[in-house]
Amino acid sequence: MNAKVDHFDPIVFERPGVTLTRSQVDAFGREIDALREEIMADLGEQDARYIRRLVRTQKGMELAGRGLLFLGVLPPAWLAGTALLSVSKILENMEIGHNVMHAQWDWLGDPALDSSTYDWDNTCPAEQWKHSHNYMHHTFTNVVGKDRDVGYGIMRMSEEQRWNPAYLFQPAYNWVLASLFQWGVAFHDLEVERVLKGEKSFAEYRAQRRKIMKKVRKQVGKDYLLFPLLAGPFAPWVLAGNATANLSRNLWSYLIIFCGHFTEHVEMFSEAEIENETRGQWYLRQRQLWRLAPRQVEAYRLMTTWREGEARARDLPRNWVIQDRVLYAIAEKMPANRHDLAAVEGVKPTLIKREGDTLLAMVKQAAHREASELAPAPLAPTLPPFKARMKALKKVVNLDAESLGVAPEVLLRRRELEALVTASLRNQPLPLPSGWRGERLNERLEGALGELAQAG
């Protein structure tokens with residue numbers, strides 16, 4: 001006779017304000033997979049026209065820009081040529097190259113847009129970028145120690161990264177990185193720090209460097225030798241225009257990419273946390289945590305969903321319809337009428353005239369949605385009870401870290417501390433650390449939280 005065994009549904013994802021079981025995560029994964037299949041099934045001629053028109057536009061701007069630079073002795077021609085060449089390089093890198101090498105357009109079967117053969121106008125070889133970005137970054141997103149896009153190996157972008165005095169100078173060398181961004185991207189995958197630690201062979205490093213230098217010679221030869229020489233006596237103006245266009249592209253790419261990798265409001269993960277993770281758990285690691293109330297989050301969700309449809313219908317990049325920051329600002333303000341909408345930063349009269357009623361309708365829908373249909377809001381870390389508990393827990397961790405001679409983050413990361421505080425304030429079981437950390441800390445962590453609870 002077989003005894004009835006209750007189904008065990010373990011908790012596999014815990015963050016402040018969020019606790020998900022295996023079945024919930026798997027269900028989320030299936031939803032995302034279904035959404036992907038829906039989008040892939042909808043791809044067609046409209047999408048093909050968009051990318052091919054964009055490629056023609058980019059190539060036309062490059063041709064016109066380089067042609068005008070041959071007349072660069074005339075200031076208007078030089079300015080126009082440099083501007084056109086700058087925009088063409090930005091489009092080629094950020095809208096075409098990035099997406100093509102992500103295999104976004106492989107379904108077309110177009111050799112010119114094939115991710116396996118495409119190489120962009122950049123000193124970084126496509127093969128190495130696809131490894132560092134497509135594989136390492138998107139497989140191990142926000143995993144400290146694996147995802148090198150968090151700080152790019154030279155900057156401290158998260159409190160989970162171990163402190164080094166060299167980071168005191170990062171505001172200064174950050175300007176150098178921005179100006180020479182394509183070179184930083186080129187040498188990103190070399191992982192010099194791993195070579196110095198003996199974690200990567202010098203032979204592998206040398207082979208990668210050879211490929212980089214081959215691409216560097218090609219790019220430098222094109223922009224700083226070939227076209228200037230073709231210009232004859234106008235070579236100085238062509239050289240200056242090419243250098244300015246590369247600088248503009250570097251600064252633009254840096255701003256777009258780096259602003260997307262600031263980690264203050266983003267969840268970070270350890271390598272141990274991603275062991276044996278499911279596809280659903282991987283999806284969860286990709287989301288950013290917007291510091292908005294539940295109804296604001298719902299308004300933002302409705303507006304971004306609508307924008308996606310509009311971008312596809314108009315055959316435009318989504319940020320050309322409405323920028324992310326503007327949608328965020330609208331969700332944050334929750335305007336009730338056109339007057340309120342006009343007061344939102346970034347909202348222009350043309351947008352109000354064209355889409356004002358639609359945006360207000362979505363905000364109203366979110367504002368009147370049943371509370372039971374909204375996701376629960378995380379506890380605000382600015383509340384006095386939250387801050388008091390964080391301070392008490394940090395004191396425990398800092399004292400122990402000092403006695404061991406290690407960084408406090410080695411014992412408990414900020415996210416773990418926040419999870420403890422949240423559980424304490426909600427009278428839930430404490431997610432205490434296990435293993436040697438638990439043996440050292442748990443009794444004092446519980447004691448610190450208990451004292452505050454008794455004090456009210």
Notebook entry, point to check: If only one of Trp78, Trp129 is under 22 Å from Tyr224 (Cβ atoms) and more than 24 Å from the chain's Cα centre (by Cα), which one is it?
Noted result: Trp78
Check: Residue check, Lys214 against (1) touching a residue at least 60 places away in the same chain (Cβ under 8 Å); (2) surrounded by 15 or more Cβ atoms within 10 Å (Cβ to Cβ); (3) over 16 Å from Ile90 (Cβ atoms), all met but one. Which one?
Finding: (2)
Next item on the list: Please verify whether the range 38-48 includes one or more residues that are in a helix (DSSP H, G or I), closer than 29 Å to Phe181 by Cα and either modelled with pLDDT under 95 or hydrophobic (A, V, I, L, M, F, W, C) (or both).
Entry: no
Margin query: Can you find a residue that is exposed (fewer than 15 other Cβ atoms within 10 Å of the Cβ) and of a type in the set (A, V, I, L, M) anywhere in the range 80-102?
Written below: no
Check: Is it true that some residue in the range 111-120 is in contact with a Gly (Cβ under 9 Å, 6 or more places away or on another chain), closer than 30 Å to Lys222 by Cα and surrounded by 17 or more Cβ atoms within 10 Å (Cβ to Cβ)?
Finding: yes
Next item on the list: Check Arg206 against each of (1) touching a residue at least 60 places away in the same chain (Cβ under 8 Å); (2) surrounded by fewer than 19 Cβ atoms within 10 Å (Cβ to Cβ); (3) among the basic types (Lys, Arg) and name the one condition it does not meet.
Entry: (1)
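Quick check, is Val216 in a helix (DSSP H, G or I) and closer than 22 Å to Lys146 by Cβ?
Here the answer is no, as Val216 does not meet what is asked.
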Notebook entry, point to check: When both residues are 6+ apart or on different chains and their Cβ atoms are under 6 Å apart, which pairs have a first residue that lies in the range 36-59 and is on the phi < 0 side of the Ramachandran plot, and a second that is at pLDDT 95 or above?
Noted result: Gln58/Ser88; Gln58/Leu91; Gln58/Glu92
Checklist line | Failed item in (1) part of a loop (DSSP other than H, G, I, E, B); (2) over 27 Å from Met213 (Cβ atoms), with Ala80 passing the rest | finding: (1)
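Take Leu430 and decide whether it is closer than 14 Å to Leu393 by Cβ, without any contact (Cβ under 8 Å) to a residue 60 or more places away in the chain and in the same structural domain as Ala392 (by TED's automatic domain parsing).
In short, yes.
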Check: Which pairs have Cβ atoms under 8 Å, sit 6 or more apart or on different chains, and link a residue in the range 135-159 that is at positive phi and crowded, with 17+ Cβ neighbours inside 10 Å to one that is part of a loop (DSSP other than H, G, I, E, B) and charged (D, E, K, R)?
Finding: Asn142/Glu267
Notebook entry, point to check: Of all residues in the range 433-456, how many are surrounded by fewer than 16 Cβ atoms within 10 Å (Cβ to Cβ), of a type in the set (A, V, I, L, M, F, W, C) and within 15 Å of Ala392 (Cα to Cα)?
Noted result: 2
Next item on the list: Please verify whether the range 323-334 includes one or more residues that are surrounded by fewer than 17 Cβ atoms within 10 Å (Cβ to Cβ), over 30 Å from Leu432 (Cα atoms), out of contact with any Gly (no Cβ under 9 Å at 6 or more places or on another chain) and at pLDDT below 85.
Entry: yes
Item checked: Members of the range 104-125 that are under 25 Å from Ala207 (Cα atoms), at pLDDT below 90 and within 22 Å of the chain's Cα centre (by Cα) -> Ser115
Checklist line | Checking Trp129 against (1) over 29 Å from Asp47 (Cα atoms); (2) crowded, with 19+ Cβ neighbours inside 10 Å, the condition it does not meet | finding: (1)
Margin query: Just to verify a result, which residue in the range 141-171, among those that are in contact with a helix residue (DSSP H, G or I) (Cβ under 7 Å, 6 or more places away or on another chain) and hydrophobic (A, V, I, L, M, F, W, C), is farthest from Lys394 (Cα to Cα)?
Written below: Met155
Note to self: Go through (1) of a type outside the set (Lys, Arg); (2) in a helix (DSSP H, G or I); (3) free of Cβ contacts under 8 Å to residues at least 12 places away in the same chain for Glu416 and report which single condition fails.
What the structure shows: (3)
Margin query: Which residue is nearest to Lys364 (Cα to Cα), if the candidates are limited to the range 334-353 and must be free of Cβ contacts under 8 Å to residues at least 12 places away in the same chain and basic (Lys, Arg)?
Written below: Lys353
Next item on the list: Determine, yes or no, whether Ala407 is surrounded by fewer than 19 Cβ atoms within 10 Å (Cβ to Cβ) and touching a Phe, Trp or Tyr at 6+ places or on another chain (Cβ under 7 Å).
Entry: yes
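The values are calculated or read from the model by the stated rules, or taken from the named source; none is laboratory data. Bear in mind that the values here come from a model prediction, so they are computed numbers and not experimental data. FYI the Cβ positions are ideal-geometry reconstructions off the backbone, even for glycines, and counts take in every protein chain you see.
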